[in-house]
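Here's the structure we're looking at; comments come further down.
No value in this document is a laboratory result; all are computed from the given coordinates. Since the model is a prediction, treat every value here as computed from it, not as a measurement. Note that we place each Cβ from the backbone using ideal geometry, even for glycine, and neighbour counts take in every protein chain shown.
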Amino acid sequence: MNQKSIYHELINKYGSPLYAYDEQILRDHCKKIKDFKNYLEDNLGEIKVNMHYSTKANNNPAILKIVGQYGINVDCMSPLELSLNQKCGFTRDKILYVCNNIDAEEMKLVHDAGVLICLDSISQVEIWGQNFPNTDIMIRVNPGIQGVGHNDKVITSGKSTKFGITEKSFRELFKIIKKYNLNIIGIHQHLGSLFLNDKIQDYINGVRRGLDIILNNFENIKIIDLGGGFGVPYKDESDLNFETLQEALINELKDFTNKYKSVREFKFEPGRYIPCEAGFLIGKINAVKYENDTYWIGTDIGMNQLVRPSMYEAYHKIELIENRQSELIKANVCGNICESGDILAKDRSINKPNIGDEILVYNAGAYGYSMASNYTGRLRPAEVMFNAENNWLIRKRETIEDLEKNIIW
Ligand SMILES: Cc1ncc(COP(=O)(O)O)c(C=O)c1O
C-alpha cells in the first residue's frame, strides 16, 4: 500500500475530518530528543538533563504514553493537563507546572499534587507565598531580549510579552521571597516557539543572557529550565540540526557551570518538535467555485479544527490524496466556518479537485487538536494512531450529545 492510500483507508474507516498520527514518526522524534538529552548529560558530568514534553502541543494520552517510554518527562499548564499527565503514569517528580495568571485554588491543586510550580509574576509569587509559605518554587524570568518565534503571538521574551519577571522587578521579588520564606530552587525561561537553523544563534544568545541573569542575581539555584521552541520545517526549510544546536549549547552550559556551582539539573520543554510531523489532518472537499477571479476550494477542515493558519498565518503543506492529473490551479483553500478568515491556505498551487476528493494537511500533530474548538457548533474530529501494520482510535469524534450535555435547558 502506498503511503497516501493509508490516509484514504483511515478517512473511510473513521470519517472526516480526522487527525491521524504516524507512530513511527512520533517515535523517531522522541528518540531525537532522547539523544539530545543524552549528549548534553554525557558532557555535563554529574549534572542531570531532563526533557519535559510540553503537553499543550498535543495532550492525547496515547502520545503522552509514548513520550514517557523515551524517558521524557512532561510540563503542563492546566488542571486537565496535570490530570492527563498523572493518568499516563508520570509521577510528581516528572511533572512541572509552568503556568501563568492562575488563582489560589489552582495553586492548591498543584501544591497538593506535590508538583513543582513555576511562577511567572510577582503577584503570583505573592499569592503562592500567602498560601504555601516555606516551600520550593521555580521562577520564570523574562530575559529582556527579543525572543525567537514564528509569529509575534508566540514570542515570549522581550518587551511585548505577558510572560516572566524582568530584572527590574527582582528587588521586589526578593522581598516577597523573604516575607514568605520561599526557596527559589529553579529559574525558567522560554524564548518563543519554533526556531530553526537560522535562529540557533539567537536561541543561544538568549540562553547566554538567561544564564548571565542567574549569575548576577541568584544564589544557590539548582534547576535551570531553558524552555522549548525546537522547530520543524513547515515549508521547504531544513530540519533543525541538533548537532549544531547541542554543540553550541554545551559550550554555554559548561562555561556557566564552571562559574556557578550549585546547579544540579538543566531542563528543556520541547512541545511542537515531538508530535508535529507525526500528525496529519485529513478532510474532504465539499465545494469548488471560481468567483472574483479566484478559485475557492471549500473543505470540512475549518479554523475550528486547525486554527494555526488563521491565527498565526501559518503555512501548512496540503495535498489531494488522489493523484489527480487535472490542471494545476492557484486557489484559496478554506473551511466550513462562517468567517472570512477561515482560510487553510491562501493562493496555493493545487491540482483542480473534484467534489468529494480527500485532502491531506501536513504537520498537524502539534497545536492542531489541542487548539481545536467547537466554534459555530462544529464537532471536534476523531484522532487515530497508525503504523505499518495497524491503526486504532485514540479519541472518539465528538457528538452533538457531548456538546449539549452541560446545557441547563
Ligand atoms: C512555557 C512553555 N514551555 C514550552 C513550550 C513549548 O514550546 P514549543 O512547542 O515551541 O517547543 C511552550 C509553548 O509555547 C511554553 O509556553
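Key figures
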read-out	value
Answer from I176, I127, I200, I137 - the residue that is within 16 Å of the ligand (Cβ to nearest atom), among the aliphatic types (A, V, I, L, M) and assigned to a helix (DSSP H, G or I)	I200
Residue in the range 85-103 that is hydroxyl-bearing (S, T, Y), within 23 Å of K31 (Cα to Cα) and loosely packed, with under 14 Cβ neighbours inside 10 Å present	yes
From A331, A345, residue being more than 16 Å from the ligand (Cβ to nearest atom), within 21 Å of L194 (Cβ to Cβ) and outside any loop (DSSP other than H, G, I, E, B)	A345
Failed item, numbered, when G68 is tested on (1) crowded, with 18+ Cβ neighbours inside 10 Å; (2) more than 21 Å from the chain's Cα centre (by Cα)	(2)
Number of the condition not met by G298 [criteria: (1) closer than 24 Å to Q189 by Cβ; (2) part of a strand (DSSP E or B)]	(1)
Hey, A287 of a type in the set (G, A, S) and either within 25 Å of Y97 (Cβ to Cβ) or surrounded by fewer than 20 Cβ atoms within 10 Å (Cβ to Cβ) (or both) or not	yes
Members of the range 240-278 that are under 26 Å from the mean Cα position of the chain (by Cα), surrounded by 15 or more Cβ atoms within 10 Å (Cβ to Cβ) and hydroxyl-bearing (S, T, Y)	Y273
Complete set of residues in the range 384-409 that are of a type in the set (G, A, S) and surrounded by 13 or more Cβ atoms within 10 Å (Cβ to Cβ)	none
Any chance D152 is under 18 Å from I250 (Cα atoms) and of a type outside the set (S, T, N, Q)	no
Cβ pairs under 9 Å, 6+ apart, first in the range 195-211 and closer than 22 Å to P233 by Cβ, second among the hydroxyl-bearing types (S, T, Y) and surrounded by 20 or more Cβ atoms within 10 Å (Cβ to Cβ)	F195/Y203; G206/S157
Residue check, N59 assigned to a loop (DSSP other than H, G, I, E, B) and buried (at least 19 other Cβ atoms within 10 Å of the Cβ)	yes
Matching residues, the range 139-189, being of a type in the set (A, V, I, L, M, F, W, C) and within 15 Å of I221 (Cβ to Cβ)	I139, V141, I165, F170, L173, F174, I177, L182, I184, I185, I187
